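> Structure below; questions to follow.
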Amino acid sequence: MKKKMHTAIVATLILLVLWLPASGNKNTVTPDESARILSLIFSKSVGIYKKYIGVESVRKEIHQEFDPETNALRSTSELTEFRKDYFYEKPEVKVLSLTTNGEKKNPSSFRIWKMMPIYPVFDGNSGEHYELKVTDKQIIDKKECYRIQVTPKEETSRHFKGYVFCTVDTLEPVYTEGTLAKLDFPIREFRLGLNTRLLQGVPVVTSGTIRVRVRVPIFFPDTLIVTRITVLENKPIPKNAP
């Protein structure tokens, strides 16, 4: 009786092992399909970088600084920013209002970390910087999306490493998550998750979270900065704009 039961259990396990991969792989994307999807995405996106130089926005941000070892909250700042984020140059940022730990502060007193932007994933030079592959389909905010793996060809702070999610029906990029291929001093950790939408054909950020851990001996203690972003206004910046 025990032998028969053991045989039955083994047979059931074999059936499960045979069935599960087929079920789990139903959303995978073949290499040929991946190439087709990426070709369509590039056909929609390459022209953006010939027509526009960046995105102008007004956004609210909540910055919380934590002790990375104990996770104790050190401070909270709420601010409104006017930004010009360029595709290939450093951004222009002006803080319009600032409150720190409930007290109004001079907006100019807020530290702004200006970095060169990461190389765009879907511009005409993408092949020089990245290897792209559509790996599978996932649901993001109730939308069926292709998950595109972005692998940098070089390890620099201007190369992105992570995933871009584009809707299956329109190929609109709706979410990006990942990090930098290399963390330059004084950054010790970097992680972003950004919600996006198309505006005049240009992907613009609508909300998201960025985690940065920074340490500058003597001048700035080891700190984890979590920034939550809500964008109030977006406008693509055309080339030759005044």
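> Do any strands (runs of 3 or more DSSP E) lying entirely in the range 61-163 carry at least 1 residues that are among the small types (Gly, Ala, Ser), and which ones are they? Write out each step before concluding.
Details: elements: 73-86, 92-100, 130-140, 143-152.
In the range 61-163, 73-86, 92-100 are the strands (runs of 3 or more DSSP E) which contain 1 or more residues that are among the small types (Gly, Ala, Ser).
> Tell me the residue from Val205, Val214, Val168 that is modelled with pLDDT of 95 or more and either under 22 Å from Tyr86 (Cα atoms) or in contact with a Pro (Cβ under 7 Å, 6 or more places away or on another chain) (or both), please. Write out each step before concluding.
Details: Val214 fails: modelled with pLDDT of 95 or more; Val168 fails: either under 22 Å from Tyr86 (Cα atoms) or in contact with a Pro (Cβ under 7 Å, 6 or more places away or on another chain) (or both).
Just one listed residue meets the conditions, Val205.
> Could you figure out which of (1) over 25 Å from Ile225 (Cα atoms); (2) free of Cβ contacts under 8 Å to residues at least 24 places away in the same chain isn't true of Leu199?
Tallying (1) over 25 Å from Ile225 (Cα atoms); (2) free of Cβ contacts under 8 Å to residues at least 24 places away in the same chain, Leu199 fails exactly one: (2).
> Another question, then. Being over 20 Å from Val174 (Cβ atoms) and assigned to a strand (DSSP E or B) is the filter here; which residues of the range 186-209 pass it?
Restricting attention to the range 186-209, the residues satisfying the condition of being over 20 Å from Val174 (Cβ atoms) are 186-190.
Once the filter is applied, which keeps residues that are over 20 Å from Val174 (Cβ atoms) and assigned to a strand (DSSP E or B), the range 186-209 yields Ile187, Arg188, Glu189, Phe190.
> Among the residues in the range 79-101, are any farther than 21 Å from Arg228 by Cβ, surrounded by 15 or more Cβ atoms within 10 Å (Cβ to Cβ) and of a type in the set (Asp, Glu)?
Within the range 79-101, not a single residue is farther than 21 Å from Arg228 by Cβ, surrounded by 15 or more Cβ atoms within 10 Å (Cβ to Cβ) and of a type in the set (Asp, Glu).
> Still on this structure: Which of the residues spanning the range 208-226 are of a type outside the set (A, V, I, L, M, F, W, C) and on the phi > 0 side of the Ramachandran plot?
Step one: filter the range 208-226 for residues of a type outside the set (A, V, I, L, M, F, W, C), giving 208-209, 211, 213, 215, 217, 221-223.
Gly208, the sole residue that qualifies.
To keep it simple, each residue is scored yes or no on (1) among the hydroxyl-bearing types (Ser, Thr, Tyr); (2) in contact with a helix residue (DSSP H, G or I) (Cβ under 6 Å, 6 or more places away or on another chain); (3) closer than 30 Å to Ile48 by Cα; (4) in a strand (DSSP E or B).
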site	(1), (2), (3), (4)
Gly178	no, no, yes, yes
Asp184	no, no, yes, no
Arg211	no, no, yes, yes
Val226	no, no, no, yes
Leu232	no, no, yes, yes
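> Of the numbered conditions (1) over 18 Å from Arg111 (Cβ atoms); (2) in a strand (DSSP E or B); (3) among the aliphatic types (A, V, I, L, M), Leu171 satisfies every one except a single condition; which is it?
Just one mismatch for Leu171, condition (2).
> A further question on this structure: Just checking, how many residues over the range 35-79 are touching a residue at least 24 places away in the same chain (Cβ under 8 Å), touching a strand residue (DSSP E or B) at 6+ places or on another chain (Cβ under 7 Å) and of a type outside the set (Asp, Glu)?
Of the residues in that region, 23 qualify.
The values are calculated or read from the model by the stated rules, or taken from the named source; none is laboratory data. Quantities reported herein were computed from a predicted structural model and do not represent experimental measurements. Don't worry about glycine lacking a Cβ; one is built from the backbone with ideal geometry, like all the others, and counts go over all protein chains shown.
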